[in-house]
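A quick write-up on the structure given underneath.
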């Protein structure tokens, strides 16, 4: 069970609230299984109308998951934020250096720049985003870049889906230059699917075309993505 703390802001039993125009930085969600270094949101019944928009969320830390934001039993709108340099670092970790979506999370994560986040833990995944069992978020028009997983068994430098995470969709998104670091070896790793997860990726630019770690029993639907992928930092005339 993940404990939602929210090192900077904690939202529970809220309705029609807006978090906007803030710099949320250098906060800690500390303690066993603590999550949401910057913002923690919990309780699906009242949190559906929560809007997190046009914030800078940087340099936050969580012990277990969601270095910047943790969303459990909630489906807020997360849009037009810059989410950078957040981390999960613990001997026991789950993942999501930037954003963790847990039970019954159907968040809309749209038009965000999610860069330079990381997880540093023995069993963590998802340098940028981690979608756990029971979650079904939508990611659209986001940029995921230079996020990392640094641990011996971690996968999904950009995105990790685990367990019964179904109905999760990634659309019109750039995932580029994300990595996993296994000891002295650094590998390109954009997406990881574990433990029966399902993921649909549509009309996106993913480094390597299909830089995916996929366990048996997982399903990846791949529609209309750039093939070969195009470096988003390279001019069209080069």
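The values are calculated or read from the model by the stated rules, or taken from the named source; none is laboratory data. The structure displayed is predicted, hence computed values, not measured ones. Cβ coordinates were reconstructed from backbone atoms using ideal geometry, including for glycine residues, and neighbour counts include every protein chain displayed.
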Within region 189-238, can you find the residues that are modelled with pLDDT of 85 or more, touching a strand residue (DSSP E or B) at 6+ places or on another chain (Cβ under 7 Å) and assigned to a loop (DSSP other than H, G, I, E, B)?
189, 190, 195, 197, 203, 204, 207, 215, 218
Picking from 127, 154, the residue that is under 17 Å from residue 191 (Cβ atoms) and at pLDDT below 90 would be 154
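Looking only at residues in region 93-117 that are surrounded by 24 or more Cβ atoms within 10 Å (Cβ to Cβ) and assigned to a strand (DSSP E or B), which one is nearest to the chain's Cα centre (by Cα)?
Step one: filter region 93-117 for residues surrounded by 24 or more Cβ atoms within 10 Å (Cβ to Cβ), giving 93-102, 105, 107, 109, 112, 114, 117.
Now narrow it down to the ones that are assigned to a strand (DSSP E or B): 95, 99-101, 109, 114.
Details: 95: 8, 99: 4, 100: 6, 101: 7, 109: 9, 114: 8 Å.
Applying the filter and picking the extreme gives 99.
Every residue in region 15-36 that is part of a loop (DSSP other than H, G, I, E, B), closer than 9 Å to residue 5 by Cβ and modelled with pLDDT under 90, please.
Filtering region 15-36 down to residues part of a loop (DSSP other than H, G, I, E, B) leaves 15-17, 21-22, 26-27, 30-33, 36.
In the following step, the residues that additionally are closer than 9 Å to residue 5 by Cβ were identified as 30-31, 36.
If the condition is that a residue be part of a loop (DSSP other than H, G, I, E, B), closer than 9 Å to residue 5 by Cβ and modelled with pLDDT under 90, then 30, 31 are the ones that fit.
Looking only at region 153-163, decide whether some residue is within 16 Å of the chain's Cα centre (by Cα) and surrounded by fewer than 24 Cβ atoms within 10 Å (Cβ to Cβ). First the steps, then the outcome.
Filtering region 153-163 down to residues within 16 Å of the chain's Cα centre (by Cα) leaves 154-163.
After this cut, where a residue has to be surrounded by fewer than 24 Cβ atoms within 10 Å (Cβ to Cβ) as well, the list is 163.
Yes.
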Note on region 71-86: residues buried (at least 19 other Cβ atoms within 10 Å of the Cβ) and at pLDDT below 95 are 71, 72, 74, 75, 76
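Report whether or not residue 183 is surrounded by fewer than 24 Cβ atoms within 10 Å (Cβ to Cβ), closer than 23 Å to residue 217 by Cα, without any contact (Cβ under 8 Å) to a residue 60 or more places away in the chain and more than 13 Å from the chain's Cα centre (by Cα).
Values: surrounded by fewer than 24 Cβ atoms within 10 Å (Cβ to Cβ): yes; closer than 23 Å to residue 217 by Cα: no; without any contact (Cβ under 8 Å) to a residue 60 or more places away in the chain: yes; more than 13 Å from the chain's Cα centre (by Cα): yes.
No, not satisfied.
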